[in-house]
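Here the structure comes first, spelled out in structure tokens, and everything after it is commentary.
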Amino acid sequence: MKNVNDIIWLDNVDSTNEEARRRFQICDNLSVLSALSQSSGRGQMGNVWLSETGSNLTFSIIMKLDNGLMNRIQAYDQFAICEIAALAVSDYLNSLDIPAMIKWPNDIYVNNKKICGILIENMIRGEWLSGSIIGIGLNVNQDRFDALLPNPTSMCLESSRKYDIHECLEDFMHIFTEYYHRYLNIKGGLNRLRTLYLAQMWHKDECHRYIADGKEFSGIIRGISDIGRMVVETEKGELKEFAFKEIEYII
Ligand code: BTN
């Protein structure tokens, strides 16, 4: 089993996801590129990811999925990558008594505030997933945020203590690597991963307000479709599936 021995720390980089893409061929499976600061940190939907220099974790994991050693993952099952990344972060935070939940598809929330964002870029060859770059921005020691950010928090704000970011990354990677071997690299693992994800999902089986198609409505998250869409029960009792960007939580 591969252990956590390939963490590369960089002082400054444009984006660790970009750096991981540039180094993809020369890095081993499960190598990690972590930066103290990013000049063009990227978020989902073309947003920027802002992070105070040296205070937080901003890193990318290189995953090589067609190395001949593991079960191959179909492109159809690519939501599994979201699932292991989000579950590993929420488990890591819960292990520190920081009560984290997964906001579909892969934001991590604590006490109704965002503590971590994940940007996954998959590579597909034919019907298979050939690789993935998993970019994770986890707020660790930052205690003041740009007023324009909607509802940020950090490990420090939630637990009133400071952390050593190097230690945090090593501890996180132990959990991530265990998830990888236990669920991704094993037959039948994806079904078990889905069950764990559903159990950690924020607002699952609770009535909550959402916006879709410009209209606000009350709904109840009932599950995830095969390809990772969120399944919501509307007030009329209908089950509707939403792709990422088609629905927004009202927080
Ligand atoms: C989001 O919008 O919630 C996703 C944020 C992802 C940020 C991380 S920080 C490390 C990696 N490098 C990037 O440029 N983005 C991701």
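The values are calculated or read from the model by the stated rules, or taken from the named source; none is laboratory data. Since the structure is predicted, the reported quantities are computational estimates derived from the model, not experimental observations. Note: ideal-geometry Cβ built from the backbone for every residue, glycine included; neighbour counts use all protein chains shown. Heavy atoms of the whole protein, side chains included, go into the accessibility calculation; ligands, DNA and RNA do not. Shrake-Rupley method; radii C 1.70, N 1.55, O 1.52, S 1.80 Å.
The table below lists the values:
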item	result
Residue within the range 5-19 that is away from the ligand (no atom under 14 Å from the Cβ) and over 28 Å from TYR183 (Cα atoms) present	yes
Breaking point among (1) within 12 Å of the ligand (Cβ to nearest atom); (2) touching a helix residue (DSSP H, G or I) at 6+ places or on another chain (Cβ under 8 Å), for GLY43	(2)
Residue within the range 81-103 that is crowded, with 19+ Cβ neighbours inside 10 Å, away from the ligand (no atom under 14 Å from the Cβ) and among the charged types (D, E, K, R) present	yes
Hey, PHE176 under 12 Å from the mean Cα position of the chain (by Cα), over 26 Å from GLU248 (Cβ atoms) and in contact (Cβ under 8 Å) with a residue 24 or more places away in the chain or not	yes
Subset tally (residues that are open to solvent by less than 80 Å² (accessible area, probe 1.4 Å) and either more than 28 Å from GLN74 (Cα to Cα) or in contact with a helix residue (DSSP H, G or I) (Cβ under 9 Å, 6 or more places away or on another chain) (or both)) for the range 202-220	11
Count of the range 46-80 residues which are in contact (Cβ under 8 Å) with a residue 60 or more places away in the chain, part of a loop (DSSP other than H, G, I, E, B) and within 12 Å of the ligand (Cβ to nearest atom)	4
Filter result (surrounded by fewer than 20 Cβ atoms within 10 Å (Cβ to Cβ) and small (Gly, Ala, Ser)) within the range 104-130	GLY126, SER130
Verdict on ALA20 being more than 30 Å from HIS208 (Cα to Cα), touching a residue at least 12 places away in the same chain (Cβ under 8 Å), of a type outside the set (D, E, K, R) and not in a helix (DSSP H, G or I)	no
